[in-house]
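Student: Below are the structure tokens for one structure; questions will follow.
The values are calculated or read from the model by the stated rules, or taken from the named source; none is laboratory data. Note that the coordinates shown come from a computational prediction; the quantities given were computed from them, not determined experimentally. Because the Cβ atoms are built from the backbone with ideal geometry, glycine has one as well, and the counts that use them run over all protein chains shown. These area figures cover heavy atoms from the full protein model, side chains too; ligands, DNA and RNA do not enter into them. Shrake-Rupley method; radii C 1.70, N 1.55, O 1.52, S 1.80 Å.
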Amino acid sequence: MTRDSGLTSALCGRRVALLVTGSIAAYKAVVLMRLLMKEGARVRVAMTKEASRFVGEAAFSAFLNEPVLTDMWSRAGEPHIELGEWAEVMVVAPATATTIAKMASGVGDNVVVASFLAASGVVFVAPAMHHRMWLHPATQRNVRRLKSWGIHVIEPVEGELANGQRGIGRMAEPEAIVARLVSHFRGQKRDLAGYRVLVSAGPTEEPIDPVRVLTNRSSGKMGWMLAERARERGAEVILVAGPVALRPPEGVRCIEVRSALEMENAIRAHWQSVDAVVMAAAVSDWRPSQVHSSKIKRGDRECLVLELVPNPDILAGLGKERQGARPVLVGFALESENLVEHALDKLERKKVDLIVANPTSALGGDENEAIFLTREGAKEIGRLSKGELADRIWDEVRRLLKSLRNRD
Ligand code: CTP
């Protein structure tokens, strides 16, 4: 982390992918990498073949623990996309007109654009090209398209270009690029720093026999969002996850479970050491009374009756055993009718601090509709993306935690 630039450590610990493409400004990407590292960022680099005509791979790899990615194919014959999934911040610098065009139209035929297409974090692009290429309507349209997707374009500056002419097209200086990243992240809240939280997510799977299970359609996305947002806001996060098709989020301790009983054990091992428990998991209320040790054969039976026994209500168990007001307990209530009435009943019955009530009509997709119920009353939240809803839940949890702190 540097202090001499006058910048604080807003990039400290952040996972930054630096993607270098074929422009004369590629040599400046080495300086950019060094500055990012001085800010405390964890940097990984990928470069196109064209970039290596201007700067050698060794200029980067000498400072890195990980190899520089130059080929879009991994040894297993899969395209390299893990860099995109790993990075919290992606910086394409320098970005040529061709790279910008490929990004804008989704042509992932090199390691840089393939990584970009798999990006899950914030993307910054620092163009570098001849001024006529920059001003061409095709480039301007492509830049506008990137901006419309929320990509941050760090505009090129006026200056002497590679051919000795002057004009707008020079890549912004590495110091200016770092300053832009720092100011972006400085604005981001770190208001959960110092808190430990536990989030449960996904469905549970209740075994019937060695090949069959009883489960539900929870995607796990809401819990994942909650875990990611809490981590971004500085919390230490434990995610207890039922079987879902999502990769564990970076920087989060993920405990994978299958059945409700396994989920209960995992939660009980940690719940007393955390400040808040958010139960976003869709726990199966029932499980087969016996698990057949061998596969149930169809035979010639007319029907098969499965006997189910209730699973423990994990959240209600925590509410009952909690001594004092910690941890703050949050539950969800998915209801097809009488939303507020049923959710209020859950708030009381499970002895929790907040119920996030969703109508079943809000199921699926990336959006959710909610009403927050606390002892103070109901708050309409309306329809939001799962990310925004996760932030609103953490705002509420933080408010509850602060009021506890004032009481302590
Ligand atoms: N929950 C739990 N353990 C269970 C069932 C639910 O901890 N066995 C939690 C869920 O994670 C959720 C909240 O309790 O945060 C409410 O879940 P929901 O399924 O809506 O409530 P139930 O108590 O199962 O009530 P019902 O299905 O009858 O509406």
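Student: Starting from one equal scatterer on each C-alpha and no solvent at all, send me the Debye-based log10 I(q)/I(0) for the chain at q = 0.07, 0.14 Å⁻¹, two decimals.
Tutor: -0.44, -1.17
Student: Give the calculated FRET efficiency between His152 and Asn406 to the nearest 0.05, with a Förster radius of 51 Å applied to their Cβ-Cβ distance.
Tutor: Details: r = 38 Å, r/R0 = 0.75.
Result of the calculation: an efficiency of 0.85.
Student: Amide H to amide H, which residues 5 or more places from Arg42 or on other chains are under 5 Å from it, using H placed in the peptide plane?
Tutor: The answer is Gly13, Arg14, Arg15, Val16.
Student: Let me ask something else. Starting at the first residue of the range 279-292, write each ³J(HN,Hα) from the Karplus equation 6.51 cos²θ - 1.76 cosθ + 1.60 with θ = phi - 60°, in whole Hz, x for Gly and Pro.
Tutor: 8, 9, 5, 9, 6, 5, 6, 10, 9, x, 5, 9, 9, 5
Student: Can you list which of the chymotrypsin sites (Phe, Trp or Tyr not before Pro) found in the range 108-180 are DSSP loop residues with at most 11 other C-beta atoms within 10 Å?
Tutor: Trp149
Student: In µm²/s, what is D for the range 82-144 at 37 °C and 0.692 mPa s, where D = kT/(6 pi eta Rh) by Stokes-Einstein and Rh is the Kirkwood radius from Cα pairs?
Tutor: Using the Kirkwood radius from Cα pairs, D works out to 277 µm²/s.
Student: Give me a comma-separated list of calculated 3J(HN,Hα) values for the range 347-353, in order, Karplus coefficients 6.51, -1.76, 1.60 applied at θ = phi - 60°, integers in Hz, x for any Gly or Pro.
Tutor: Karplus-based 3J(HN,Hα) across the range 347-353 equals 4, 6, 4, 8, 6, 10, 9 Hz.
Student: Let me ask you something else. At 1.4 Å probe size, what's the solvent-accessible area of His342? Round to the nearest 10 Å².
Tutor: Here the accessible area works out near 60 Å².
Student: What residue among Ile24, Gly40, Val89 has its Cα farthest toward the positive end of the dipole of the chain, where the charges are +1 on Lys, Arg and -1 on Asp, Glu, each on the Cβ?
Tutor: Towards the positive end, the residue furthest out is Ile24.
Student: If the convex hull of the alpha-carbon atoms of the range 31-91 is projected onto planes in all directions, what is the mean projected area in square nanometres?
Tutor: 4.6 nm²
Student: Determine the relative contact order of the chain: mean sequence separation of Cα pairs under 8 Å and six or more apart, normalised by residue count, in whole percent.
Tutor: 10 percent
Student: Moving on. Quick one, can you get me the convex hull of the C-alpha atoms of the range 196-407 expressed as volume per residue in Å³?
Tutor: Expressed per residue, the convex hull around the Cα atoms of the range 196-407 is 135 Å³.
Student: Okay, moving on. In whole angstrom, and with the biggest value first, how far do the Cα coordinates of the range 202-268 range along each principal axis?
Tutor: If we take the Cα atoms of the range 202-268, the spans are 42, 23, 14 Å.
Student: With bins 10 Å wide starting at 0, give me the P(r) of the range 250-354 over every alpha carbon pair, in whole percents.
Tutor: Reading upward from the zero bin: 12, 36, 28, 15, 7, 1.
Student: Turning to a different aspect of this structure: Looking only at the chain, where both bridge partners belong to it, what percent of the DSSP beta bridges are antiparallel (to the nearest 5)?
Tutor: 35 percent
Student: For the range 163-216 and the range 331-360, what is the separation of their C-alpha centers, rounded to whole Å?
Tutor: Between the Cα centre of the range 163-216 and that of the range 331-360, the gap is 30 Å.
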